[in-house]
Amino acid sequence: MAMWLFLGSECLLFGGLISTYMLYRGRHSAELGPDQIFDIPFTSVSSFVLLMSSLTMVLAVSAAAQKDDRRTNLWLTITALLGATFVGGQVYEFTVMYREGLGFTTSLFSSSFYTLTGFHGVHVTVGIIMLMALVGINKRSRVPGDKAEVVEMVGLYWHFVDVVWIIIFTLVYLIPA
Amino acid sequence: MSTTAEHSDHTDVEHGHGHDDHAAHGEHGQHGQHGQHEEHGHKPTSYYVKVALFLGVLTALETATYWVVEELGAFLVPSLLIMMAIKFVVVASLFMHLKWDNKIFSWLFYSGLILAVLVYAAFLATFRFFTPT
Amino acid sequence: MAIIERPTDPAPVPAVAGSGAPAVVTPSQAYGVLRRPVSSTGWRSWVFTVDHKKLGIMYGVVAMFFFIMGGIEALLIRLQLAGPEGTVLSAGLYNEMFTMHATTMVFLFVMPMAAAFANYLIPLQIGARDVAFPRINAFGFWCFLAGGLFLNTSWFLGGAADGGWFMYQPNASPLYSPTNGVDFWALGLQITGIASLTGAINLIVTILNMRAPGMTLMKMPIFTWMILVVQFLLLFAMPVITVALFLLMFQRSFGATFFDVAAGADPLLWQHLFWIFGHPEVYIIVLPGFAIVSEVLPVFSRKPLFGYRFVVFSGAAIGFVGWGVWAHHMFASGLGPVSVAVFSVATMLIAIPTGVKIVNWTLTMWGGKIQFTTAMLFAVGLVVSFTIGGLSGVTHAVAPSDTQQTDTYYIVAHFHYTIFGGAVLGLFAGFYYWWPKAFGKLLNEKLGKWNFWLMMIGMNMTFGPMHIIGLQGQPRRMMNWTEARAGEGFFNLGFWNRVASVGSFILAIGVFLFLVNIWYTHRAKSNTPKAPLDPWDARTLEWITQSPPKEHNFDKVPTVHALDEFFHRKYEVDHETGEVRKVATAEEILAAEEAQGDKHIHLPSPSYWPIILAFALPVMAYGVIYNRLLIVVGGLIVLLAMFGWALEPSVADDSDYDPPAEGGGTNKELATIG
Ligand code: HEM
Ligand SMILES: [Cu+2]
């Protein structure tokens, strides 16, 4: 329940960031706007990666519920790797944009874009840390499956981060400004 | 109420002492329901794979609009929003188990979500975001 | 922890204190770096505690400290304005003073003081042994302290924030506010915000999941209900201010231009985000006061709360409608006519549930056998003052009249009647009412009455004249007024400013008497006897246990059958005569409960991690302001503390105690170990 409350609260956090972005997405110089700078095929691949990490997370949760620690750890690790791929992709995307001249302070668009996606990236990173900690805890625990509740909780968090990306992907990337 | 979070502090109690008959949290409302998670919501792997495939296809469709922006015209934004909403609900109810869990979780989560949507929509409206200039 | 059940399993292999290698390598030892802090006395028992009662008291003490600080700041403001062309404060210092006064009062006094009551009382009122997440609770408290201290160090590091408590942009941008004050403000509130958010999650889960058997939602004490509403407001309002504060931080410390008009930004963005948070915030401030009086009035009127359901629903309604009115703080900012009309009407609507509450309180007292104890006096004082504040509030729901009043002292008068009258008086009612519960002694009633009357007179003398001053056009946040424009006769600004300043000192003496009262009651030579178990003939569960309560609150978790359970155990209605008669005393009820006490009571153990984690945050915050390297250092501590926390079981292993308890003994035996 605590996690659900937290996620409800997070809705207002991301809502605020997304709204700020929406307000400012049109405020940029002629060459460095969203329609010029985004690489949709690339981002759609990383969206897909994040989506698949949700699947592997589900599999980890159900393995944990069946008290199968080995499989749980396997899926958790894969999830973390997929998440890391996503974050890596984001870092790459940022560097490309930066080279094209879009710094954090270049325009209102760039500041709000980096703030929003950066916040999301931090959330994914925190998720990866939690996944790794979970693997560690699982390895040391003597009772198989006794951390199933925690796995489930981290799972909720992970899916939420994915869901937020679903929204960002549509509102920020796909809908032309 | 079967829950997830409060057990994080709680499972440790069992772990450390091997008996949880009267944990600090009192014994009301939480115990005896540990098994509940197995009873519902844990579908076979193939089920989740199918759901994920469906989501993947939707994502592909979304991406595809990128090349046909002109052709879709006024349909573009609504169709994107609808696909987004479908993906959201599918992940929330199937992957996050809201469909099978206690209704109060849906209630808590969606109240945050709906509040966010309403408040921020009003907020953008005061900036005339939705009125074409 | 003071009372720890002696382990009854075959005695674990003991780890001898001081010998390097413990016989059993338990997770807490292998990964906790240090042994668990398990002492039950001395400063350690407070610093590492996870007990909701100790945390509640600590919240209270620290909040009281900040109340005094905020009060001194207020007195300096009033000294400055006592005469024309005041010279007590420089213009810059004056700005810092009113900004920090408001920030301190709102974020470091009223909110944490409400948290103090909530933390202390909620588990007791719902018959639980602690909150759902005791360690997170401790973490919240330390975040509040760390954030509050961090914020106030700005006084010594170049100057405090000076943009007014709502820190409008771009007025608070580096150009106009070149010191680091605003940075301290943004980061400090971010840290205290964590306390509010974690506290909200914790208390909601506690209330929804851990009520005593039989306590359905509609049998929950009204205090608990109101606090639940407040926690939901916090849950959804804190993230909004978080966003705003982050944007502000990026703007000031990282060169972004979110509020910079020259860069094409819209400064209204800040105003909206701030008030989307800010209006729910005013209910966060005032509802705890309402919660307390809703508990105090029935007890001293010897009647149940009139229309319990109405009070609950109007509380929930306030919590809901409160989200749709934020822009009434922005009528003068050029929102556009449609927005102004919509928000104006919504604001008038919200007066309705508030009015419902006042009516209910009045009808509760109506025809009751009223006992004017100090707690009751404060409660009645609240109803009166808040009504006045509410009425002046309605006058600025009307947008045209608000345009006249905004940014004058009329506004200052209004919100002090609501905040001081609605929240602070309620908190004082709570102090007097629950003092015997928490500390086992009744505060002196005679001093209490002086305390009350001085505060009441002081308050009306301070804030009453501000209505006049304001309608005469004296702007708020203005460091000076001049004789030349003070006006004549009854409306002479000079006269009323002096009255207000004298009033503020009377008010301060009143507050001081409260501290005197505490000293008087608890001084070593005090002849104040131990308070009786049920000094007020109360109605709710917290009085069913000892005062002060044991570490585990209840020997047996009581079963609830009715709203006002405790009252119904003491009294019964004679079905023939219809008379209410007393059938049991508090002592008898307690004895009966204790006789059936639970055998195993496991309390969560104290922990180092919450305080370590909390104090890593200001390190990071200093890093943002001074040196990015510190961010990394702080971040590493955070990471370490989180891992330590995650790997630490919530109940310490037996081997963490020295000497390890010998097995045997009866199950019921409770021993103090360590
Ligand atoms: C001890 C009694 C108090 C006195 C004498 C006092 C006095 C004042 C005065 C004179 C101002 C106006 C400063 C100006 O505009 O130039 C002010 C502002 C304010 N006060 Fe108080 N106050 C008291 C208690 C409180 C409490 C308990 C709260 C809230 C819980 C509070 C909240 C505020 C706020 C929010 C402002 C607005 C500051 C701004 O304009 O940014 N005050 N106070
Ligand atoms: Cu308001």
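The values are calculated or read from the model by the stated rules, or taken from the named source; none is laboratory data. Here the structure is a predicted model, which means the values were calculated and not measured. For neighbour counting, all protein chains shown are included, and Cβ atoms are generated from backbone atoms with ideal geometry for every residue, glycine included. For accessibility, only protein heavy atoms count, side chains too; no ligands or nucleic acids. Shrake-Rupley method; radii C 1.70, N 1.55, O 1.52, S 1.80 Å.
Compute the FRET efficiency between C:N627 and B:R128 as 1/(1 + (r/R0)^6), taking r as their Cβ-Cβ distance and R0 = 51 Å, and round to the nearest 0.05. Don't jump to the answer; show the numbers that get you there.
Details: r = 43 Å, r/R0 = 0.84.
With R0 = 51 Å, the Cβ-Cβ based efficiency is 0.75.
Roughly how crowded by other chains is peptide C:333-343, in terms of the mean Cβ count from those chains within 10 Å of each of its Cβ atoms? Provide the component values of the computation, followed by the final result.
On the way: counts 0, 0, 2, 3, 0, 3, 5, 1, 0, 3, 2.
For peptide C:333-343, the averaged partner shielding equals 2.
Ordering C:F554, A:F94, B:F130 by how much accessible area each has at a 1.4 Å probe, largest first, what is the list?
On the way: C:F554 5, A:F94 50, B:F130 125 Å².
From most exposed to least exposed: B:F130, A:F94, C:F554.
Could you tell me the calculated FRET efficiency between C:M218 and C:F65, based on Cβ-Cβ distance and R0 = 51 angstrom, to the nearest 0.05?
Numbers: r = 38 Å, r/R0 = 0.75.
Computed FRET efficiency for C:M218 and C:F65 comes out at 0.85.
Full extension from C:A591 to C:V502: what is 0.36 nm times the residue separation minus their Cα-Cα distance, to one decimal in nm? Please report the intermediate quantities before stating the final value.
On the way: separation 89, 0.36 × 89 = 32.04 nm, distance 5.22 nm.
The span from C:A591 to C:V502 would gain 26.8 nm if fully extended.
Calculate the spin-label point distance for C:T559 paired with B:L53, positioning each point 7 Å from the Cα along the beta-carbon direction, and give it in nanometres.
Inter-label distance under the simple model: 5.4 nm.
Whole Å is fine, so just give me how far the alpha carbon centre of the range C:361-389 lies from that of the range A:52-76.
So the separation of the two Cα centres works out to 59 Å.
Relative to the longest principal axis of the C-alpha atoms of chain C, give the angle of the C-alpha long axis of helix C:374-395, reported between 0 and 90° and rounded to the nearest 10°.
That helix lies at roughly 40 degrees to the long axis.
Could you state how much accessible area is buried at the B-A interface, both sides summed, with a 1.4 Å probe, in Å² to the nearest 100? Mind dumping the intermediate values first?
On the way: alone 10040 and 9270 Å², together 14780 Å².
Approximately 4500 Å², summed over both chains.
So how tilted is helix C:409-418 from the main axis of chain C? Cα-based, degrees 0 to 90, rounded to 10.
So the inclination is approximately 20 degrees.
Throw me the Rg/Rh for the range C:124-275, computed over C-alpha atoms with Kirkwood Rh, two decimals.
Values: Rg = 19.0 Å, Rh = 17.3 Å.
Ratio value, two decimals: 1.10.
Can you send over the solvent-accessible area of C:S333, 1.4 Å probe, protein chains only, in Å² to the nearest 10?
For C:S333, the solvent-accessible surface is approximately 40 Å².
Over the Cα atoms of chain A, how large are the radius of gyration and the largest Cα-Cα distance (Dmax), in Å?
17.8, 61
Once each part is reduced to its C-alpha centroid, what is the distance from the range C:610-632 to the range B:62-121 in angstrom?
Here the answer is 37 Å between Cα centres.
Using the Cα gyration tensor of chain C, with a ≥ b ≥ c the square roots of its eigenvalues, what is the shape: rounded (a/c below 1.5), prolate (a/b larger than b/c) or oblate (neither)? Could the numbers behind the result be given before it?
Values: a/c = 1.91, a/b = 1.28, b/c = 1.49.
Verdict is oblate for chain C.
Between the range C:183-252 and the range C:117-174, how many Å separate their Cα centres?
The distance from the Cα centre of the range C:183-252 to that of the range C:117-174 comes to 11 Å.
Hey, what D do you get for the range A:111-177 in µm²/s if you plug the Kirkwood alpha-carbon radius into Stokes-Einstein at 25 °C and 0.890 mPa s?
Working: Rh = 13.6 Å.
Diffusion coefficient, whole number: 180 µm²/s.
Determine how many Å³ per residue the convex hull of the Cα atoms of the range C:541-595 encloses.
On the way: hull volume 4.5 nm³, N = 55.
Spread over its residues, the Cα hull of the range C:541-595 gives 81 Å³ apiece.
For the full complex of protein chains and a 1.4 angstrom probe, list C:W434, C:W645, B:W107, C:W155 by accessible area with the highest value first. If you can, show how the numbers build up before the last one.
On the way: C:W434 10, C:W645 40, B:W107 155, C:W155 65 Å².
From most accessible down to least: B:W107, C:W155, C:W645, C:W434.
Which angle from 0 to 90°, rounded to the nearest 10, does the C-alpha axis of helix C:337-365 make with the longest principal axis of chain C?
Roughly 50 degrees between the two axes.
Just how much of C:W609 is accessible, in Å², when a 1.4 Å probe is used and the result is rounded to the nearest 10?
Here the accessible area works out near 20 Å².
Amide H to amide H, which residues 5 or more places from C:K441 or on other chains are under 5 Å from it, using H placed in the peptide plane?
C:A531
How would C:L640, C:L447 line up by accessible area, probe 1.4 Å, largest first? Don't jump to the answer; show the numbers that get you there.
On the way: C:L640 115, C:L447 40 Å².
Solvent-accessible surface, decreasing: C:L640, C:L447.
Heavy-atom accessible area of A:H123 with all protein chains present, probe 1.4 Å, nearest 10 Å²?
Counting only protein heavy atoms, the figure is 20 Å².
Other chains near C:264-273: what is the mean number of their Cβ atoms within 10 Å of each residue's Cβ?
Values: counts 7, 6, 5, 0, 4, 9, 0, 0, 11, 5.
Taking all residues of C:264-273 together, the mean is 5.
Restricting to Cα pairs below 8 Å that are 6+ residues apart, what does the relative contact order work out to for chain A? Please round to a whole percent.
Details: 168 pairs, mean separation 63.8, N = 177.
The value is 36 percent.
For the residue pair C:F313 and A:T105, what label-to-label distance in nm results when each label sits 7 Å from Cα along the Cα-to-beta-carbon direction?
Simple spin-label model gives 5.6 nm for this pair.
Count, for each residue of A:98-110, the Cβ atoms from other chains sitting within 10 Å of its Cβ, then give me the mean as a whole number. Mind showing how you got there, number by number?
Values: counts 0, 0, 0, 0, 0, 1, 4, 7, 1, 3, 10, 1, 2.
If you average over the peptide's residues, the count of other-chain Cβ atoms is 2.
Scan chain A and note any complete DSSP helix (H) whose C-alpha atoms cover at least 27 Å along its axis and whose Kyte-Doolittle average is 1.0 or more. Intermediate values should be presented prior to the final figure.
Numbers: long enough: A:2-24 (34 Å, 1.33); A:40-65 (38 Å, 1.74); A:69-99 (44 Å, 0.25); A:108-140 (48 Å, 1.02); A:148-168 (30 Å, 1.51).
Sorted by number, the helices that extend far enough and score high enough are A:2-24, A:40-65, A:108-140, A:148-168.
Can you report the principal axis dimensions of the protein assembly as shown using only the alpha carbons, biggest first, rounded to whole angstrom?
Largest first, the protein assembly as shown extends 84, 78, 62 Å along its Cα principal axes.
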